[in-house]
Structures are given as C-alpha cells and as structure tokens.
1. Could you please give the count of residues in the range 16-28 that are surrounded by 13 or more Cβ atoms within 10 Å (Cβ to Cβ) and out of contact with any Cys (no Cβ under 8 Å at 6 or more places or on another chain)?
2. Which numbered condition trips up Asn27, out of (1) at negative phi; (2) without any contact (Cβ under 8 Å) to a residue 12 or more places away in the chain?
3. Which of (1) within 16 Å of the ligand (Cβ to nearest atom); (2) within 26 Å of Thr18 (Cβ to Cβ); (3) exposed (fewer than 13 other Cβ atoms within 10 Å of the Cβ) is the odd one out, the single condition Ile104 does not satisfy?
4. How about the range 38-47: which of its residues are touching a strand residue (DSSP E or B) at 6+ places or on another chain (Cβ under 9 Å) and more than 16 Å from the ligand (Cβ to nearest atom)?
5. Checking Ala41 against (1) at pLDDT below 95; (2) within 11 Å of the chain's Cα centre (by Cα); (3) not β-branched (Val, Ile, Thr), only one condition comes out false. Which one?
6. What's the total number of residues in the range 39-65 that are closer than 14 Å to Ile21 by Cα and polar (S, T, N, Q)?
7. Restricting attention to the range 23-37, which residues are in a helix (DSSP H, G or I) and either touching a strand residue (DSSP E or B) at 6+ places or on another chain (Cβ under 7 Å) or more than 12 Å from the ligand (Cβ to nearest atom) (or both)?
8. So, Ile12, is that one in contact (Cβ under 8 Å) with a residue 12 or more places away in the chain, within 14 Å of the ligand (Cβ to nearest atom), surrounded by 14 or more Cβ atoms within 10 Å (Cβ to Cβ) and of a type in the set (Val, Ile, Thr) or not?
Amino acid sequence: MIDDLHGTTIRIGAIDWTVSIEDMLSNDDLGQMRSGEQSLAVKRNIAPQEKIEVLLHECIHATLRQGGIYKVLGDNLEEGVVEAVAYGLVGLFRDNPDLMRSLIDRVVETTKH
Ligand SMILES: [Zn+2]
C-alpha cells in the first residue's frame, strides 16, 4: 500500500516533509507529525485504508501547523477537525477518483514554474 512512500517527500507549503513508515510510534500513536524533524510518521501494521487516512491526517496537521490555526483551535478541537477532514477526504478521493484526478491535473497545469 503506502509503505512504498517511506522516505519520500511531501511538500506542504513552505516545508518538505519526509514520510516515515515505522513499526512502533511513541504513545501507541498511529501517526505523528514531527515538526522538529520535518517528518510525518505512520505506523506500519495498521489496516491499509486506515494507513492512508493517517497519512492524510498528519498532512492536515502540518497544513494547520504552518498556518498557525492550531493556536486558535487548541489541541482537542484541532484533533477533531483534522480527524473529520482526513476521513472526509479519503471518502471523497475513493468515491470520486476521476474528479480528483481532473482537479489535480488542472492545479498542476495552472501552476507556474
Ligand atoms: Zn492528529
């Protein structure tokens, strides 16, 4: 599944994050955004769909972190927002793959390099 993303980079705004698929994470977490290391960690031995959701979840944390929104939301509200958006996006991608590919293509096409 997404284990092959280990070591790859995800650019989110100003920061390039390294994906780290790991056997164990501290606090028995399924995923972690490690801002000091610029890494997004995902636990290896979880169900495939959940693993995708966890990676998106950590990407959303990273997005909120650099936007400073986390300061307004507080940890509990941020976690709830991130969880809802991540699960929602996984469903959106799964149920509308052609639309998502089309939108991605259009964003890339209209990006000036
Ligand atoms: Zn979280």
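The values are calculated or read from the model by the stated rules, or taken from the named source; none is laboratory data. What you see is a predicted model, and the numbers here were worked out from it, not measured in a lab. Neighbour counts are summed over all protein chains in view; Cβ atoms, including those assigned to glycine, are modelled from backbone coordinates with ideal geometry.
1. Filtering the range 16-28 for residues surrounded by 13 or more Cβ atoms within 10 Å (Cβ to Cβ) gives 17-22, 25.
Keeping just the survivors that are out of contact with any Cys (no Cβ under 8 Å at 6 or more places or on another chain) gives 18-22, 25.
Going through the range 16-28 one residue at a time, the tally reaches 6.
2. It fails just one condition, (1).
3. (1)
4. Across the range 38-47, the qualifying residues are Gln38, Arg44.
5. (1)
6. 2
7. Of all residues in the range 23-37, those in a helix (DSSP H, G or I) come to 26-28.
Within the range 23-37, Ser26, Asp28 qualify.
8. No; evaluated as a whole, the condition is false for this residue.
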